[in-house]
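Let me begin by presenting the structure, written as structure tokens, before commenting on it.
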Amino acid sequence: MGTRERREREKEELKQKILNSARELFTEDGYKNVTMRKIADKIEYSLPTIYEHFKNKAEILLAIYYQSGQILFETLKSIYERDISPLEKIEAMGWAYISVGLENRDLYELTFLTNSIRAESDNKSQLCEIHDSPTFKAYELLVQAVKDAKEKGYFSGRDVLLISQTMWAGLHGLVSLIITNSEFPFVNQEQLINNMLKTLLKGSV
């Protein structure tokens, strides 16, 4: 490995270290209570070094949001590409969405439930970036799966976006409930997820 390649690798490793440390601090202390200084202290680097990679904590949060969305997008994409029936594909994508959320609870809560992303996105260009994010692309995969199903004779006379957004709302809602209400006496989790997905599909077909 040449000097240039080694430096690039070290740069990426440090950038990821910053993101990991910031994510822990945002989760433990709350986004508003974390400063760039706190992040620098946690990884034991100078503050100027942090600023070489990110101009502020909002940019760090946005990078974490993108990473979270990438996990979801890649998972749904792998399912979308399977050779299975249209409804099986949509149901499998639903299971995958929920699994990703529950397996990455801290990350999901930070990027989708705290509203910090929205609070920091105070201008049109930042909002456009979010709408071009992997998370939005994951949603577009679900829309395409619903379109494909409709072309095969399912969802006759139904609006594709209405079905897709109803599904998305249901998936996000269930993940959010489970994450934020751990003390609630939920029924068997697998049965709950399965029943919700079946109900969403049955109500849309």
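Can you tell me which residue among 164, 204, 156 is touching a helix residue (DSSP H, G or I) at 6+ places or on another chain (Cβ under 9 Å), at pLDDT 95 or above and polar (S, T, N, Q)? Only one candidate passes the filter, namely 164.
Quick one: is residue 46 among the small types (Gly, Ala, Ser) and either touching a His at 6+ places or on another chain (Cβ under 6 Å) or within 15 Å of residue 97 (Cα to Cα) (or both)? Criteria not met by residue 46. Closer than 30 Å to residue 145 by Cβ, out of contact with any strand residue (DSSP E or B) (no Cβ under 8 Å at 6 or more places or on another chain), exposed (fewer than 14 other Cβ atoms within 10 Å of the Cβ) and not basic (Lys, Arg): is that true of residue 78 in this structure? Criteria met by residue 78. Applying the criterion of being more than 20 Å from residue 109 (Cβ to Cβ) and of a type in the set (Ser, Thr, Tyr) to the residues of region 15-64, the residue that is surrounded by the fewest Cβ atoms within 10 Å (Cβ to Cβ) is 46. Under the condition of being loosely packed, with under 14 Cβ neighbours inside 10 Å and either outside any helix (DSSP H, G or I) or of a type in the set (Ser, Thr, Tyr) (or both), the residues counted in region 181-204 number 9. In region 148-159, what residues are in a helix (DSSP H, G or I) and either touching a Gly at 6+ places or on another chain (Cβ under 8 Å) or surrounded by fewer than 16 Cβ atoms within 10 Å (Cβ to Cβ) (or both)? Matches in region 148-159: 148, 151.
Of all the residues in region 15-62, those that are small (Gly, Ala, Ser) and either in a helix (DSSP H, G or I) or modelled with pLDDT of 95 or more (or both) number 4.
Inspect region 106-117 for any residue being free of Cβ contacts under 8 Å to residues at least 60 places away in the same chain and either of a type in the set (D, E, K, R) or more than 17 Å from residue 134 (Cα to Cα) (or both) and give the result as yes or no. The answer is yes; a qualifying residue exists. Taken as a whole, region 96-103 holds at least one residue that is surrounded by fewer than 19 Cβ atoms within 10 Å (Cβ to Cβ), closer than 21 Å to residue 28 by Cβ and within 16 Å of the chain's Cα centre (by Cα). Out of region 57-81, which residues are hydroxyl-bearing (Ser, Thr, Tyr) and more than 16 Å from the chain's Cα centre (by Cα)? Within region 57-81, just 80 meets the criteria. The condition of being in the same structural domain as residue 171 (by TED's automatic domain parsing) and out of contact with any Leu (no Cβ under 6 Å at 6 or more places or on another chain) holds for only one of 18, 84, 43, 50, that being 84.
The values are calculated or read from the model by the stated rules, or taken from the named source; none is laboratory data. Here the structure is a predicted model, which means the values were calculated and not measured. We place every Cβ from the backbone using ideal geometry, glycine too, and count neighbours over all the protein chains shown.
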